[in-house]
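The values are calculated or read from the model by the stated rules, or taken from the named source; none is laboratory data. Computed from a predicted structure; not experimentally measured. Here the Cβ positions follow ideal geometry from the backbone for every residue, glycine too, while neighbour counts run over all protein chains shown. Surface accessibility is based on the protein's heavy atoms, side chains included, excluding ligands, DNA and RNA. Shrake-Rupley method; radii C 1.70, N 1.55, O 1.52, S 1.80 Å.
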Protein chains: 2
Amino acid sequence: MSALQETEVTTDVAAVMAEVGRNARAASNILATATTDQKNAALIAAAEALKTAMPDILSANARDMAAAKENGITGAFLDRLELNADRVASMIAGLHAIADLPDPVGTTIAEWDVPSGLHIERVRTPLGVIGIIFESRPNVTADAGALCLKAGNAAILRGGSDSFHSSRAIHACLVTGLNSAGLPEHAIQIVPTTDRAAVGEMLKGLDTNIDVIVPRGGAGLVARVQAEARVPVFAHLEGLCHLYIDKSAKLEMAVEIAVNSKMRRTGICGAAETLLIHSDIVDTHLGPIVEALQAAGCEVRGDETVLAQIADVKLANDLDWNTEYLDAIIAVKIVDDADAAIDHIAAHSSHHTEAIVAEDQAVVEKFFARIDSAILLHNASTQFADGGEFGMGAEIGIATGKMHARGPVGVEQLTSFKYLVRGTGQTRP
Amino acid sequence: MSALQETEVTTDVAAVMAEVGRNARAASNILATATTDQKNAALIAAAEALKTAMPDILSANARDMAAAKENGITGAFLDRLELNADRVASMIAGLHAIADLPDPVGTTIAEWDVPSGLHIERVRTPLGVIGIIFESRPNVTADAGALCLKAGNAAILRGGSDSFHSSRAIHACLVTGLNSAGLPEHAIQIVPTTDRAAVGEMLKGLDTNIDVIVPRGGAGLVARVQAEARVPVFAHLEGLCHLYIDKSAKLEMAVEIAVNSKMRRTGICGAAETLLIHSDIVDTHLGPIVEALQAAGCEVRGDETVLAQIADVKLANDLDWNTEYLDAIIAVKIVDDADAAIDHIAAHSSHHTEAIVAEDQAVVEKFFARIDSAILLHNASTQFADGGEFGMGAEIGIATGKMHARGPVGVEQLTSFKYLVRGTGQTRP
């Protein structure tokens, strides 16, 4: 670890970050032609280092946890910050899983011949330098750093200041892995200061030494990124996911998918937040669905039609239709038909994931054609919105933008491409 | 044509552009599910309208040309601005060619099954609203508008003020086509003012009503876009293209490719600007290559080694290695080996297109692996850097960025995608 990285607080953030950027660019130039074996060796050695350093990591985390508690932090945030042996073991398993993924760099995406006799090949290349800005979960240090490395990119990681010591301890293991594989240690850097000005410097692009920013966080971070970013962004906005139960839905399936979409894990971006139910099935489906949700511990907020049917439901207000609860709360609205459901989704969705339960295939096709979200599911839980479930291996998150990466962002989405054209002396007439 | 579009100069540019943005978004929502037949009908009707309106277009262009001459504009700029019967015929042919292209929207890019039993499909979707900022060539109005339409996107076109009347006359024909096909006329809008503040409004994204900006122009526009853009950009920077002649190159092929790369058309972004020649072939190849270039009317500027060999060559200075001449001038440098050529390219390239002439396959593979430009060619002219030559049909330009679109930007590059996931009641354990 360099002297720079030992400095916890620095006065000249711009100069420090400029150096981070230059180091990242230099590392990315080497990584671009690193072999698959080298990258995998670094990942496996980093996993070993995490195992060895587990006591250090847990004690660094204890320091972060104590400081957070002193600052009055509680609940879900504290849970996300906490590391234990199981969570470190997950990180280790994650590094091995990323080592096992195919290397995307250099693979041919498409190839064809053209009438001039040229053979054209489109091959994957790294993106370059990826800046990742995240909040409390320190394990993102390992997951995101490893994914960037596998795709041949240098990473600049800026975690939440609450997880600073935990992230540094994890990062030290990644550096051990890079060193042991003969790769530049600046391939994965952690921002060496908790000063929030460092985020601003990253958003400005570090003098073109950052190629893309991946923001992972809540509304505050997202707003800052949208206002300040001068480089491309793979936006990971909120997941205001909708589940629509069509009048053609089977009751039992609707109940199971509604409960799973909301309650399997309430804190993930693929959790359903709004339930839309066709008005023709209010008498048959609404009761059982609401009862099952409540039995699972979910608070149900409904529109007036729902309230007229079910006693112990709170009235949903306008805010509810626009809220990502990330909690055991769901808003339920009765809609006249699939068109009304689609219109509601168009007005309120964050374009992450929406699902429909229906047997009527024409309604499903309309839902699929007319809704513009990253992931649309038919007769399946919204909680399948996940790179692992998509067969992509690890993911850095679910992108809600439409440029370059959309949906789960795995190693392939962290690449660009170039065209290799082979001729035999062709000139253009 | 609406009243708004009749207004040539307006005082409240922000309000006018905000309305343009809202209209574009509304149109894009309709275009997203327009059928292929509808889009093609609009393109063919627009081509018919161009034929009928040819006298109007030529007289509008005469007005622009007269004004440009009055403003002292000459040379290549004036040539780009000029329309004649042949150039209008090209636009008409272009619209037919775009109608003949396969519709990318709704096509399946990939599909697979996952262990949970879900079937996952990645299908192309339109991007939404595309803002295109271009300079003097009025034909971009038809080409870019048509490409956006084919990919289901609404277009906001902002041409150079010099071509304002020409662009409006062409745009009127596109609107005729849209109307006759029952598509919203705001699907292709032209910015109704020559006020440069309109460009600033577009770069701010018109309150999220522009999804991506495509800038086509010189250094001034590019710098403005990089400083001001708050939305994703498909950068179309300059083409500072290099041609490297390896010591293993066949002499005759090297001469032909050098002359073609530079002189076939000097004003296009795929024209070679710098020629790098291996030092081992100074005695055999340098003379014939320089003579052939000079015989074709090219001014040659060389480094000191070149000057030592050839009398009538000007000394190249540092500026020459960084200049996109777009003219009959080339800078020639002697390099020690392929590594030195690759290093020179890394230092000076705009990451557009580079070519190598070589018989040594190992050198070719090194050139392909180590250079990070959109297009790399072996034993072929740099002037093949073109969407048509790549078999993509028409293109909006060659993107030099690494996000989303890189290299030729055709209809497929003007799309995004979404995931359609089909289940049978799956919930996630």
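Observations on the structure shown:
- Residue tally, condition crowded, with 22+ Cβ neighbours inside 10 Å, touching an Asp or Glu at 6+ places or on another chain (Cβ under 9 Å) and of a type in the set (G, A, S), over the stretch A:350-365: 1
- Meets criteria (within 11 Å of chain B (Cβ to nearest Cβ) and under 17 Å from A:L376 (Cα atoms)) for A:A227: no
- Output for the stretch B:182-215, where each listed residue is crowded, with 23+ Cβ neighbours inside 10 Å, among the charged types (D, E, K, R) and over 15 Å from B:R22 (Cα atoms): none
- In the stretch B:136-168, the residues that are part of a helix (DSSP H, G or I), open to solvent by 20 Å² or more (accessible area, probe 1.4 Å) and not hydroxyl-bearing (S, T, Y): B:D143, B:D162, B:H165, B:R168
- Restricting attention to the stretch B:316-344, the residues that are hydrophobic (A, V, I, L, M, F, W, C) and under 14 Å from B:H278 (Cα atoms) total 7.
- Index of the failed condition, B:L414 passing every other in (1) within 25 Å of A:A369 (Cα to Cα); (2) not assigned by TED's automatic domain parsing to the domain that holds B:R122: (2)
- Within the stretch B:76-90, being farther than 10 Å from B:M65 by Cα and in contact (Cβ under 8 Å) with a residue 12 or more places away in the chain holds for B:A76, B:F77, B:R80, B:N84, B:A85, B:R87, B:V88, B:S90.
Residues are listed down the side, and each one gets a yes or a no for (1) buried (at least 20 other Cβ atoms within 10 Å of the Cβ); (2) of a type outside the set (A, V, I, L, M); (3) assigned to a strand (DSSP E or B); (4) on the phi < 0 side of the Ramachandran plot:
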| site | (1), (2), (3), (4) |
| --- | --- |
| A:E256 | no, yes, no, yes |
| A:S261 | yes, yes, no, yes |
| A:G270 | yes, yes, no, yes |
| A:T274 | yes, yes, yes, yes |
| A:H285 | yes, yes, no, yes |
| A:V290 | yes, no, no, yes |
| A:Q294 | no, yes, no, yes |
| A:T305 | no, yes, no, yes |
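- Residues that are open to solvent by 30 Å² or more (accessible area, probe 1.4 Å) and assigned to a helix (DSSP H, G or I), drawn from the stretch A:79-124: A:D79, A:R80, A:A85, A:D86, A:R87, A:A89, A:S90, A:A93, A:H96, A:A97, A:D100
- Check on A:V231, open to solvent by less than 30 Å² (accessible area, probe 1.4 Å), farther than 24 Å from A:A355 by Cα and either assigned to a loop (DSSP other than H, G, I, E, B) or in contact (Cβ under 8 Å) with a residue 24 or more places away in the chain (or both): yes
- Whichever residue in the stretch A:241-254 is open to solvent by 10 Å² or more (accessible area, probe 1.4 Å) and more than 12 Å from chain B (Cβ to nearest Cβ) and, among such residues, is nearest to A:V306 (Cα to Cα): A:K247
- In the stretch A:390-415, the residue that is modelled with the lowest pLDDT out of those that are facing another protein chain (nearest Cβ under 7 Å) and farther than 17 Å from B:T415 by Cβ is A:G391.
Rundown of residues vs (1) in contact (Cβ under 8 Å) with a residue 12 or more places away in the chain; (2) within 14 Å of another protein chain (Cβ to nearest Cβ), yes/no style:
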position	(1), (2)
A:M263	yes, yes
A:E273	yes, no
A:L276	yes, no
A:A296	yes, yes
A:E304	no, no
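- One residue stands out among those in the stretch A:44-75 that are more than 13 Å from A:C173 (Cα to Cα) and of a type in the set (S, T, Y): the one that is modelled with the highest pLDDT, which is A:S59.
- Residue match in the stretch B:293-302 (condition: of a type in the set (S, T, N, Q) and over 16 Å from B:N260 (Cα atoms)): no
- Matching residues in the stretch A:355-365 - criterion: being more than 9 Å from every other protein chain (Cβ to nearest Cβ) and in contact (Cβ under 8 Å) with a residue 60 or more places away in the chain: A:I356, A:A358, A:E359, A:D360, A:V363
- Flag for A:A46 being farther than 12 Å from A:S180 by Cα, assigned by TED's automatic domain parsing to the domain that holds A:L414, out of contact with any Pro (no Cβ under 7 Å at 6 or more places or on another chain) and touching a residue at least 24 places away in the same chain (Cβ under 8 Å): no
- Any hit, the stretch B:366-389, residues being in contact (Cβ under 8 Å) with a residue 60 or more places away in the chain, surrounded by fewer than 21 Cβ atoms within 10 Å (Cβ to Cβ), within 7 Å of chain A (Cβ to nearest Cβ) and assigned to a loop (DSSP other than H, G, I, E, B): no
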